[in-house]
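These notes concern the structure reproduced below.
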Amino acid sequence: MCKFGAGLAACGGELQQWQVSALQKFWAGHSKLVDLHHGHEDDMFTPMLKEKVNYPPKLEADHDALVALAKAVTLEVGALEGGGSLTAVTSVFETYHATMKAHLKEEEELCVPLIRAFFDPKYVGAKVQEIMQAMDPIALGAFVHYQGSKAELGPLLKQEGIPFFVWYTQFKGARAQYRAQMETQIQALLTKTPPTKPLTAKKDLTDAMNCGAYQWRVTA
């Protein structure tokens, strides 16, 4: 989310058509990832938790509120045009961003400890494996990208019993797809340079990957 906000801030002045395209492409990808995230929770993890604990109704209600806010952003992003203003989309996005951050923080502080307390790691691991096996390539690529480098991903592969060759047969390619579709747009916006080709190499995506001072990075 911080990257979309940074992309909006970087536009400045009169909005150019290539900036409109980059913002729309990134937001479409972000929306898809969030929908998948909510789906995994609603279809799998929330019912799982309800078997053991009194699941807070607020967390489910938050999903409804976030869906409504996301739709509002989608409408504003879709209405962007060259020479237009970012005022409306920035306003609604800031509300969405703040609401989403608070929701994710609550999930991390409440749901994750409950899962660890009431469910065997192998049971949870099987659920995660089920998700990953059916995961959309862009979603899988996002997961790999935000874990860091191949070396940083290594311990997770070992922990979850994922064979090393999966990096070459699935993970590397999915990461390249994600970077080409998503990070390329942010790199263009931050450098104020219209994208001419999909970018997948870390050296070509420095600004995008450094955006947010690595606050996006997943840590233990």
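The values are calculated or read from the model by the stated rules, or taken from the named source; none is laboratory data. If you're wondering where the values come from, they're calculated on a predicted model, not measured in any experiment. Reconstructed Cβ throughout: ideal geometry from the backbone, glycine too, with neighbour counts over all protein chains shown. Calculation scope for accessible area: heavy atoms of the full protein, side chains included, ligands and nucleic acids excluded. Shrake-Rupley method; radii C 1.70, N 1.55, O 1.52, S 1.80 Å.
A few remarks follow.
- Each stretch of four or more DSSP H residues adds -39500 (n - 2.57); spread over every residue of the chain, this sum gives -20000 deg cm²/dmol at 222 nm.
- Counting only alpha carbon atoms, the long axis of helix 57-78 and the longest principal axis of the chain meet at about 20°.
- Cross-link check: pairs K150/K202; K172/K203; K32/K172; K3/K32 evaluated at a Cα-Cα cut-off of 18 Å; pairs beyond the cut-off: K32/K172.
- Over region 1-81, relative contact order from alpha-carbon pairs under 8 Å, at least 6 apart, %: 47 percent
- Using a Gaussian network model of the chain in which every pair of alpha carbons under 10 angstrom is joined by a spring, one finds that among A151, A126, A180 the greatest mean-square fluctuation is at A151.
- Heavy-atom accessible surface of region 33-144: percent carbon and sulfur, 1.4 Å: 58 percent
- Heavy atoms of the protein chains alone define the surface here; on that basis region 162-213 has 53 Å² accessible area per residue at 1.4 Å probe size.
- Net charge over other residues, Cβ less than 11 angstrom from the Cβ of I186 (K, R count +1; D, E count -1): +1
- Normalised per residue, the accessible area of region 25-111 is 54 Å², obtained with a 1.4 Å probe and no contribution from ligands, DNA or RNA.
- Rounded to the nearest 10 degrees, the inclination of helix 87-106 to the longest alpha-carbon principal axis of the chain is 20 degrees.
- Among the listed values [x] 13.6; [y] 12.2; [z] 11.1, the one computed from these coordinates for mean projected area of the Cα convex hull in nm² is [y].
- The residues neighbouring G141, those whose beta-carbon lies less than 13 Å from its own, together hold a net charge of +2 under the Lys/Arg +1, Asp/Glu -1 convention.
- 0 to 90° range, to nearest 10: angle between helix 17-40 axis and the chain longest Cα axis: 10 degrees
- Highest-MSF residue in the chain out of Y178, Y168, Y146 [GNM, Cα springs under 10 Å]: Y168
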